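Here is the structure we will look at.
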Amino acid sequence: MKGCMKIIKSISEMQSFSRKARSSGDAIGFVPTMGYLHEGHMSLAREARAKNAKTVISIFVNPAQFGPSEDFAAYPRDMEGDLEKCESARVDAVFVPDVREMYPEGFSTHVDVVAATDVMEGIRRPGHFRGVATVVLKLFNIVMPARAYFGRKDYQQTVVIRRMARDLNLDAEVVVMPTVREPDGLAMSSRNAYLSGPERAAAPVIYRALLEAEKLYGGGERSAAALALGVRKVLGEEPMIETEYAEVSDTETLAPLKQVTAGAVLAVAARIGKTRLIDNILL
Ligand code: AMP
């Protein structure tokens with residue numbers, strides 16, 4: 001049925017939608033996004049729809065999670081295209097709050113998840129996870145989901161949000177879904193829109209590098225340094241790529257590992273020109 005998707009701008013309207021759903025016993029599946037939607041986002045929306053009576057997507061480019069020299073102003077936006085995708089995915093409501101309503105004059109409360117933020121993205125993007133945790137908690141209080149869906153592509157984010165949900169007794173189940181990739185292996189990301197033709201052609205090297213580590217691991221390599229070196233070597237073959245980090249960490253705590261004994265996450269951040277991309281695989 002077309003035309004029954006709600007586009008909700010105000011926080012109070014979103015809360016009354018959610019209260020109404022909950023009081024009629026309808027579980028809400030929630031997908032928080034920054035928009036410029038792609039198949040990665042839509043895979044979360046489909047799962048939300050499959051497992052919940054109501055599906056809500058939020059589209060909010062959250063200024064609080066961007067550093068002063070990051071790409072907040074340039075972040076790609078396409079509200080019309082996004083709403084069409086939500087409509088075809090039969091999302092029940094799209095929440096598109098205003099920055100001034102989310103962060104009114106005098107706003108001064110933040111959530112700092114201390115664990116798992118002193119590594120990887122946490123070091124390179126100071127304040128990023130504080131911005132993420134704060135907005136996700138706000139969105140949970142507004143949307144009141146039974147389940148909220150996140151992509152494994154942002155692995156550290158899933159660890160931080162799970163930790164917050166546990167520590168603060170949030171009444172929502174955090175569900176993590178696999179990374180959706182382009183046919184050539186590049187992880188889908190709104191930021192891929194920044195890549196020039198040649199940069200886009202070079203970008204799949206990131207996934208090839210991760211597959212190289214997987215191959216080494218499959219061959220019995222358990223040294224974190226050797227696995228990370230394997231990744232750096234493949235990335236180093238592409239002159240357009242500048243590797244920021246390649247780290248092997250515990251899947252739960254993100255503590256750096258020396259030896260991989262019971263699984264690990266291998267996470268990479270790399271720059272291609274002005275664009276910063278992240279990706280990871282589970283070993
Ligand atoms: P973003 O709009 O980038 O903030 O992402 C919103 C949600 O979509 C986050 O939970 C992301 O991890 C998830 N996501 C982004 N890209 C992908 C992808 N390629 N595969 C699966 N989930 C993704």
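Could you give every pair whose Cβ atoms fall below 6 Å, whose first residue belongs to the stretch 246-263 and is farther than 14 Å from ILE281 by Cα, and whose second residue is open to solvent by 50 Å² or more (accessible area, probe 1.4 Å) and of a type in the set (Lys, Arg), counting only separations of at least 6 or pairs across chains?
Filtered contacts from the stretch 246-263: GLN259/ARG222.
Output the qualifying pairs, or none if there are none: Cβ atoms under 7 angstrom, residues six or more apart or on different chains, first residue in the stretch 264-281 and part of a strand (DSSP E or B), second residue of a type in the set (Ser, Thr, Tyr) and open to solvent by 10 Å² or more (accessible area, probe 1.4 Å).
Cβ pairs passing all conditions: VAL265/TYR155; VAL265/THR251; ALA267/TYR155; ALA270/THR243; THR275/TYR194; LEU277/SER189; ASP279/TYR207; ASN280/TYR155.
If I ask for residues that are in a loop (DSSP other than H, G, I, E, B), touching a Phe, Trp or Tyr at 6+ places or on another chain (Cβ under 9 Å) and more than 11 Å from the ligand (Cβ to nearest atom), which ones from the stretch 24-66 would you list?
ASN52, PHE66
Write out, first by first residue and then by second, each pair whose Cβ atoms fall under 8 Å of each other, whose residues are 6+ apart or on separate chains, and whose first residue, in the stretch 151-174, is in contact (Cβ under 8 Å) with a residue 12 or more places away in the chain while the second is within 15 Å of the ligand (Cβ to nearest atom) and open to solvent by 90 Å² or more (accessible area, probe 1.4 Å).
Final answer for the pair search is VAL174/ARG162.
Residues are listed down the side, and each one gets a yes or a no for (1) under 30 Å from ARG166 (Cα atoms); (2) among the small types (Gly, Ala, Ser); (3) open to solvent by 40 Å² or more (accessible area, probe 1.4 Å):
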residue: GLY197; (1), (2), (3): no, yes, yes
residue: LEU216; (1), (2), (3): no, no, yes
residue: GLU221; (1), (2), (3): no, no, yes
residue: LEU229; (1), (2), (3): no, no, yes
residue: VAL234; (1), (2), (3): no, no, no
residue: LYS258; (1), (2), (3): yes, no, yes
residue: ALA269; (1), (2), (3): yes, yes, no
residue: ILE272; (1), (2), (3): no, no, no
residue: ASP279; (1), (2), (3): yes, no, no
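Just name the residue that is least open to solvent (accessible area, probe 1.4 Å) out of those in the stretch 159-181 that are aliphatic (A, V, I, L, M) and under 20 Å from LEU266 (Cβ atoms). Write out each step before concluding.
Let us first name the residues in the stretch 159-181 that are aliphatic (A, V, I, L, M), namely 159-161, 164-165, 168, 170, 172, 174-177, 180.
Still in the running and under 20 Å from LEU266 (Cβ atoms): 159-160, 176-177, 180.
Numbers: VAL159: 17, VAL160: 1, VAL176: 29, MET177: 35, VAL180: 41 Å².
Residue satisfying both the conditions and the ranking: VAL160.
Under the condition of being in contact (Cβ under 8 Å) with a residue 60 or more places away in the chain and away from the ligand (no atom under 16 Å from the Cβ), which residue from the stretch 182-210 is nearest to VAL268 (Cα to Cα)?
Looking at residues that are in contact (Cβ under 8 Å) with a residue 60 or more places away in the chain and away from the ligand (no atom under 16 Å from the Cβ), I get ALA202.
Since SER69 meets every condition but one in (1) more than 13 Å from the ligand (Cβ to nearest atom); (2) free of Cβ contacts under 8 Å to residues at least 40 places away in the same chain; (3) open to solvent by less than 20 Å² (accessible area, probe 1.4 Å), which condition does it not meet?
Evaluating SER69 over (1) more than 13 Å from the ligand (Cβ to nearest atom); (2) free of Cβ contacts under 8 Å to residues at least 40 places away in the same chain; (3) open to solvent by less than 20 Å² (accessible area, probe 1.4 Å) leaves (3) as the failure.
Could you please find all residues in the stretch 42-66 being surrounded by fewer than 20 Cβ atoms within 10 Å (Cβ to Cβ) and in contact with a Pro (Cβ under 7 Å, 6 or more places away or on another chain)?
Answer for the stretch 42-66, where residues must be surrounded by fewer than 20 Cβ atoms within 10 Å (Cβ to Cβ) and in contact with a Pro (Cβ under 7 Å, 6 or more places away or on another chain): just PHE60.
Among the residues in the stretch 15-23, are any outside any helix (DSSP H, G or I), open to solvent by less than 70 Å² (accessible area, probe 1.4 Å) and more than 13 Å from the ligand (Cβ to nearest atom)? Don't jump to the end; show me each part of the working.
Here is the first cut: in the stretch 15-23, the ones outside any helix (DSSP H, G or I) are none.
So far as the stretch 15-23 goes, no, none of its residues is outside any helix (DSSP H, G or I), open to solvent by less than 70 Å² (accessible area, probe 1.4 Å) and more than 13 Å from the ligand (Cβ to nearest atom).
Given the residues ALA27, ALA93, ALA74, which is the only one that is surrounded by fewer than 15 Cβ atoms within 10 Å (Cβ to Cβ) and aliphatic (A, V, I, L, M)?
Details: ALA27 fails: surrounded by fewer than 15 Cβ atoms within 10 Å (Cβ to Cβ); ALA93 fails: surrounded by fewer than 15 Cβ atoms within 10 Å (Cβ to Cβ).
After ruling out the rest, the residue left standing is ALA74.
The values are calculated or read from the model by the stated rules, or taken from the named source; none is laboratory data. All values reported here derive from a predicted model rather than from experimental measurement. Virtual Cβ from ideal backbone geometry, glycine too; neighbours counted across all protein chains shown. What goes into the accessible areas is simple: the full protein's heavy atoms, side chains included, and nothing from ligands, DNA or RNA. Shrake-Rupley method; radii C 1.70, N 1.55, O 1.52, S 1.80 Å.
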